[in-house]
Amino acid sequence: MPNVLLRGRRPSLHVPFIAVDSEASIAGGRANWALPKTLAEFDWDERDGLPRRIEARGEGWSAEARVLWSGPRVPLVLRARQTQVRADGSLIAVPLRSRGVGRVARIEVRSEGPTLPSWLLGGVHFGVAIERAVHRILPAVEEAPS
């Protein structure tokens, strides 16, 4: 789940954590976009082709989301940038482009582990759940500190 940062006057997304299921994804995400990926196992339940419960488990942590899809479909269009920090402390900007369809949803979140619950807050949250989308992540560029 991305956070929104202000870089000068412009908002920028920042991804503090991504759970994935392959070493290749970890290596590529870290090398190309400085994404803090970690290895996890996943389990989920679907109904009518939509996820209802998603669980991720890694070494010493777990997270679960139960999604109650509601409301009409809404078009989603995103043109944004993402700011990430490389291992050497330098900043990169990653242009993002997405198009898809989502729905207003109520999402019940549970997280466990030494640090995860302090920023992936448990409880019921409202937002937009993505039903389907195409994402383009463009090459990263160095960004000057603000």
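Tabulated values for the structure
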read-out: Scan of the range 95-146 for residues that are outside any loop (DSSP other than H, G, I, E, B), under 25 Å from ASN32 (Cα atoms) and of a type in the set (A, V, I, L, M), ordered by number; value: LEU96, LEU116, ILE130, ALA133, VAL134, ILE137, VAL141
read-out: Qualifying residue in the range 44-58 (condition: in a strand (DSSP E or B) and out of contact with any strand residue (DSSP E or B) (no Cβ under 6 Å at 6 or more places or on another chain)); value: yes
read-out: Selection count, the range 33-77, where residues are of a type in the set (Val, Ile, Thr), surrounded by 12 or more Cβ atoms within 10 Å (Cβ to Cβ) and within 16 Å of ALA129 (Cα to Cα); value: 3
read-out: Within the range 67-94, tally of residues that are in a strand (DSSP E or B) and touching a residue at least 40 places away in the same chain (Cβ under 8 Å); value: 16
read-out: Enumeration of residues in the range 84-141 that are surrounded by fewer than 12 Cβ atoms within 10 Å (Cβ to Cβ) and among the acidic types (Asp, Glu); value: ASP88
read-out: Residues within the range 104-146 that are within 13 Å of ARG66 (Cα to Cα) and among the acidic types (Asp, Glu), tallied; value: 1
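Taken together, the values in this text are just the output of simple stated rules run on the coordinates, not laboratory data. Small disclaimer: the values here were computed from a predicted structure and weren't measured. As a convention, Cβ positions derive from the backbone with ideal geometry for all residues, glycine included, and neighbour counts pool all protein chains shown.
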